[in-house]
Every structure is written in structure tokens, then in C-alpha cells.
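**Q** What follows is a single structure, and I will ask about it in a moment.
The values are calculated or read from the model by the stated rules, or taken from the named source; none is laboratory data. All figures in this text were calculated on a predicted structure; none of them were measured in a lab. FYI the Cβ positions are ideal-geometry reconstructions off the backbone, even for glycines, and counts take in every protein chain you see.
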Amino acid sequence: MKMIIIIIKDNDADILTQAFTAENFRVTRVASTGGFLRSGVVTMLLGVEDDQIEAAIQVARKSLPAKGHEKRATLFVVPVQHFEQV
């Protein structure tokens, strides 16, 4: 299992959240602050199986086409050593 962490601007967060849920990915949104001038950003967390990683990344790419040379999201894929729901 992997955790995908996505950092995205506030104004793009709804588009990406809707795209993930339409593709049956569960997503948790956390409001955060960062970047130049402490602009509003959202951190999204997705827990996915190893075989779903590329599909989730493709959802992000399709939903957020680049605006010129500007990147619209930063993604991290990190291993999950233990997962439990209580």
C-alpha cells in the first residue's frame, strides 16, 4: 500500500477532489498554508494499493492540465508500513 500526498492550490482542489471521487478513490483534504506569500493550499491524502498508483496519478494529470510552464500540483508517493481502521 502507498500514500499519495498531493499539494495543490485552493482554487484547483474542488476539481481534483471531484475527479478522484468519480474514479472511486477516497480522498482526505486538509487545508494548509505554504508557498510564496503564504498562499492557500490544500493537502490531499489518498491511500491506494500498489496497482492503483499510476491510475491515481493519471486522474491528477487529466484533471489539472499545465498552464504554460506552471505546475499545478506536487505529488509524493510514500510507502505505508501499516494500515488499520479502528
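**Q** Test each condition in (1) surrounded by 13 or more Cβ atoms within 10 Å (Cβ to Cβ); (2) closer than 18 Å to Val30 by Cβ for Val78 and report the one that comes out false.
**A** The number of the failed condition is (1).
**Q** Return only the number of the condition from (1) at positive phi; (2) surrounded by 14 or more Cβ atoms within 10 Å (Cβ to Cβ) that Leu64 does not satisfy.
**A** (1)
**Q** Go through segment 11-29 and give me each residue that's among the small types (Gly, Ala, Ser) and at pLDDT 95 or above.
**A** Listed by number, the residues that qualify are Ala19, Ala22.
**Q** Could you check how many residues of segment 30-48 are within 20 Å of Gln85 (Cα to Cα) and at pLDDT below 95?
**A** Residues flagged as within 20 Å of Gln85 (Cα to Cα) and at pLDDT below 95 within segment 30-48 amount to 1.
**Q** Give the residue, chosen from Ala22, Ala66, Ala31, that is among the hydrophobic types (A, V, I, L, M, F, W, C), touching a Gly at 6+ places or on another chain (Cβ under 8 Å) and free of Cβ contacts under 8 Å to residues at least 24 places away in the same chain.
**A** The unique qualifying residue is Ala31.
**Q** Out of segment 49-62, which residues are in contact (Cβ under 8 Å) with a residue 24 or more places away in the chain and either closer than 14 Å to Ile4 by Cβ or touching a strand residue (DSSP E or B) at 6+ places or on another chain (Cβ under 8 Å) (or both)?
**A** The answer is Glu49, Asp50, Gln52, Ile53, Ala55, Ala56, Ile57, Val59, Ala60.
**Q** Out of all the residues in segment 63-86, which are polar (S, T, N, Q) and over 11 Å from Ile7 (Cα atoms)?
**A** Ser63, Gln81, Gln85
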